[in-house]
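The values are calculated or read from the model by the stated rules, or taken from the named source; none is laboratory data. On a predicted model such as this, the values are computed, not experimentally measured, just so you know. Cβ: placed from backbone, ideal geometry, glycine included. Neighbour counts: every protein chain shown.
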Amino acid sequence: MEQKPVIRIRPLVAGETELLKDFLYEAIFVPEGMEPPDRSIIEKPELSLYCEDFGSDPADNCLVAEADGRVIGAVWTRIMDDYGHVDDETPSLPSRCTGNTGTGASEWK
């Protein structure tokens, strides 16, 4: 039986905030048979607010999942006026795990 890698959960560290853009892009729903949008779509204001200047507000928090020294997932909180905004005290909770990591974590989204 193949042994699955150990997944380690840890805080996002300085210099890794650009990873959030990767996970944001991967989280865009693309219907079957459709081409994914150009990566530049994450620079649109309605999407860039999830990552822009991340860490500049005390309410910005992020944990990443790491397997074999590679970040395979992220979950972060941020107070922002996004889809599903509740109020200015309740953070949004975006999350994403890369597909087919060999860890069984590909179901996490």
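Taking residue 83, is it touching a Pro at 6+ places or on another chain (Cβ under 6 Å) and part of a loop (DSSP other than H, G, I, E, B)? Quick ask: steps written out before the conclusion?
Details: touching a Pro at 6+ places or on another chain (Cβ under 6 Å): no; part of a loop (DSSP other than H, G, I, E, B): yes.
When the stated conditions are applied, residue 83 does not pass them.
A Cβ distance below 8 Å, combined with a sequence gap of six or more or placement on separate chains, defines the contacts here; from region 20-40, residues that are over 14 Å from residue 50 (Cα atoms) reach residues that are part of a helix (DSSP H, G or I) in the pairs 39/25. Applying the criterion of being at pLDDT below 85 and aliphatic (A, V, I, L, M) to the residues of region 71-105, the residue that is farthest from residue 25 (Cα to Cα) is 105.
Within region 46-69, being assigned to a loop (DSSP other than H, G, I, E, B) and not small (Gly, Ala, Ser) holds for 49, 50, 51, 52, 53, 54, 57, 58, 60, 68. Within region 46-78, restricting attention to residues that are on the phi > 0 side of the Ramachandran plot and free of Cβ contacts under 8 Å to residues at least 12 places away in the same chain, the residue that is surrounded by the fewest Cβ atoms within 10 Å (Cβ to Cβ) is 69. Considering region 10-45, the residues that are part of a loop (DSSP other than H, G, I, E, B) and buried (at least 16 other Cβ atoms within 10 Å of the Cβ) include one that is modelled with the lowest pLDDT, namely 27.
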